Amino acid sequence: MKKLKALIVMCLATAMLVGCGSGTAASDTYVFSSELDIKNLDSSDADDGMSFNAMHACIDGLMGLDEEGNITEAIAESYEVSDDQMTYTFHIRDNANWANGTPVTANDFVYAWQRILKNNGNYAYMLGSDGASIKGADEILAKMGNKTELTDADFANFGATAKDDKTLVVELTKPVSYFTELMTFPCYYPINQEFCEEKGDQYAKSAANVLSNGAFIMKDWQPGKQATFEKNEDYWNADAVKISNLVMNLVQDPQTAATSFKNGETDFAPINSELVDQYKNDDSYVSFNEGYLFYLEINEKNTDLANIKIRQAISKAIDREDLANNVLKDGSKAAAGFVPRELSVSSEGTDFRDDAGDYDVTKYNLEEAQKLFAEGLSELGKDSITVRLTYGTDESPMDQMAEYLQNALTKLNGLNIEMVATTKQDRIYNKMANGDFDIACTRWGPDYGDPTTYLNLCLDGNANNYGKYYSEEYENIMSKVRTEANADTRWQYMIDAEKVIMTDLPDIPVFEKGTSALENKKVTGLVHRPVGVPYTFTYVEKAE
């Protein structure tokens, strides 16, 4: 698997920083701006990049990242793997403690993993064969799918057990080559059971209800505005933490963030395409791969969109190169398939996208698109159709994508687009979750460096398969992916699986997201990784 190297970023200098609230010198404080908000810090519920950033700032998992972005031990001081690669034994550090002084134990992981299953969390499926393949998880997930209430007896054969306070044994149903990488992801983070149960349904909903075992302690959290953190002096790796304060400015408009950067009030300011031309020659300007795939999810219940020629026409009517290069201008690239570039490599060292190839259906051809659309309308017995295009206005550049698509798709004679502008939360958890959409502009960031992090999205029963796509052929191939031990054979199965969904087009890939930002040259050590948790703040250091 490809090990993605870290992007080292920089920060600001001088004076006092706005929003720190403590009079701390600027060299002790790192200010990170984001257009997005923190949803919550509950590992059984959070499913967005900004929440992951905040969680990772104050909570460590078994494994983490070093200064170069490589997978390394975190709460686990060491681990062993059985010869058959199906049993992992993790040894918890003696100096790993929660911020209330309680030692981190193996049971903290067992409790957290059982809790996400009991709560039917957004990432519960990743404990089963679509992720870590922990023994017993699939059976528990099946009961959840059948709306069966779980009892303690259902976890009697669960493969994560605390051998003692400092020894966690995890039994798998098959070898998982990326298992240690999974252990860096938030859904596998530990939870202190006593603290969690004391807080009840308010757990992780505010700064006072979050318990840290990581580099920082959350001191304040104002949703939609700001979150502040202080260095955890009792952190097991405290010597690596050089800053005293971490500030996250939330839901900040790019223009406001850029102005704050120029005024010395923030250290990291993501900017949008409208600002790229203004700042691209600035020495603080950087552009890098963010890792997200932006795509269109099709509601399979819409009888018009169920016509494959209609979907093909929509795909070929999108000039992805023009959108990426002339509209977004932030390092984004036209999507050529459902699995993005730079995610994973084969045993021969070739990128999945190179082996799978580019799909013709992603190439712009308005004349061919119109021909396909006309044929689709004829098969439907209609002269025209109207479809709703749903998007969130608070998840840039989703609004730019939607506006571009509206203009592109209405060039198809007979296609009327009704724009449905809403928020990210409403788009996902109301409209998409309830099937109240025709086409939704959505995105996915890779949770781990394997093509299945995208391919699993189209599986029947996957919580993120909002369009309710089902293909027996696809299910059969993905079943082989889950059970195949030979890496090269499994690789080919994944190529075959992508071919099925790029033929059926339940999801239409549009572009791979890049990020442009302003970053201060006086700071080093911010680790960016386009897989899993986007940013790691542990090693940030500011020069005087």
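For the chain, what is the charge dipole size about the Cα centre, in debye to the nearest 20, if Lys and Arg each add +1 at the Cβ and Asp and Glu each add -1 at the Cβ?
Working: 49 positive and 88 negative charges, 136 e Å.
It comes to approximately 660 debye.
Hand me the GluC sites (Glu not before Pro) from region 143-196 located in a DSSP loop with no more than 15 other Cβ atoms within 10 Å, in residue order please. If you can, show how the numbers build up before the last one.
Numbers: sites: E149, E171, E181, E194; in loops: E149.
Answer by residue number: E149.
With n ≥ 4 as the cut-off for DSSP H runs, can you work out [θ] at 222 nm for the chain, using -39500 (n - 2.57) per run divided by the number of residues, rounded to the nearest 500?
-7000 deg cm²/dmol, from helical runs alone.
Based on the alpha-carbon gyration tensor of region 129-277 and its eigenvalue square roots a ≥ b ≥ c, which shape applies: rounded if a/c is under 1.5, prolate if not and a/b is larger than b/c, or oblate? Please report the intermediate quantities before stating the final value.
On the way: a/c = 2.12, a/b = 1.85, b/c = 1.15.
Judged from the Cα gyration tensor, region 129-277 comes out prolate (a/c at least 1.5, a/b above b/c).
How big is the charge dipole of region 291-514 about its Cα centre, in debye rounded to the nearest 20, if each Lys and Arg gets +1 on its Cβ and each Asp and Glu gets -1 on its Cβ? Display every interim value, and only then the final one.
Numbers: 24 positive and 40 negative charges, 83 e Å.
Roughly 400 debye for region 291-514.
As a quick test, which of the pairs K205/K499; K174/K231; K143/K431; K199/K424 have an alpha carbon distance above 31 angstrom in this structure? If you can, show how the numbers build up before the last one.
On the way: K205/K499 41 Å; K174/K231 39 Å; K143/K431 26 Å; K199/K424 27 Å.
In this structure, K205/K499; K174/K231 exceed 31 Å between Cα atoms.
Counting only DSSP beta bridges with both residues in region 291-514, tell me the antiparallel percent, nearest 5.
Antiparallel: roughly 60 percent of the beta bridges in region 291-514.
Going by amide H atoms built from the backbone, whose H comes under 5 Å of the H on F511, apart from near neighbours?
HN-HN under 5 Å from F511: F294, A335.
Please identify the helices of the chain, taking whole runs of DSSP H, that span at least 24 Å along their own axis as judged from the Cα atoms and have a mean Kyte-Doolittle score of -1.0 or higher.
Numbers: long enough: 487-504 (26 Å, -0.49).
Both cut-offs are met by 487-504.
Order of T89, T442, T489 from fewest to most other C-beta atoms within 10 Å?
Least crowded to most crowded, the residues run T489, T89, T442.
Hey, if you put +1 on the Cβ of every Lys and Arg and -1 on every Asp and Glu Cβ in the chain, which of I134, Q278, Y178 ends up farthest toward the positive end of that dipole?
Q278
Between D277 and Q222, what is 0.36 nm times their sequence separation minus the Cα-Cα distance? Round to one decimal in nm. Kindly include the intermediate steps, with their values, before the conclusion.
On the way: separation 55, 0.36 × 55 = 19.80 nm, distance 3.27 nm.
My answer for the length gained is 16.5 nm.
Among V31, L323, W491, whose Cα lies farthest out toward the positive end of the dipole of the chain, if unit charges sit on the beta carbon of Lys, Arg (+1) and Asp, Glu (-1)?
The Cα lying farthest towards the positive end belongs to L323.
With the contact rule set at Cα under 8 Å and sequence spacing of 6 or more, what percent relative contact order holds for region 291-514?
Details: 408 pairs, mean separation 80.0, N = 224.
So the answer I get is 36 percent.
Which of the three applies to region 313-405, rounded, prolate or oblate, going by the alpha-carbon gyration tensor with a ≥ b ≥ c and a/c under 1.5 meaning rounded?
Working: a/c = 2.39, a/b = 1.42, b/c = 1.69.
It is oblate, given that a/c is not under 1.5 and a/b is not larger than b/c.
May I have the extent of the alpha carbons of the chain along their three principal axes, as whole Å values ordered from largest to smallest?
70, 58, 45
From Cα coordinates alone, what are the radius of gyration and Dmax values for region 291-514 in angstrom?
Here Rg and the maximum Cα pair distance are 16.8, 51 Å.
Rank T452, S346, M398 by how far each Cα sits towards the positive end of the charge dipole of region 291-514 (+1 on Lys, Arg Cβ; -1 on Asp, Glu Cβ) and give me just the farthest.
M398
Find how many whole Å separate the alpha carbon centroid of region 489-544 from the alpha carbon centroid of region 51-92.
A separation of 20 Å, based on Cα centres.
Between D496 and S287, what is the label-point separation in nm under the 7 Å Cα-to-beta-carbon projection?
4.0
Under a point spin-label approximation (7 Å from Cα along Cα-to-Cβ), what is the E541-S378 distance to one decimal in nm?
Placing both labels 7 Å along Cα→Cβ, they lie 6.9 nm apart.
Every number here is computed from the coordinates shown, using simple stated rules; none is lab data. Computed from a predicted structure; not experimentally measured. Reconstructed Cβ throughout: ideal geometry from the backbone, glycine too, with neighbour counts over all protein chains shown.
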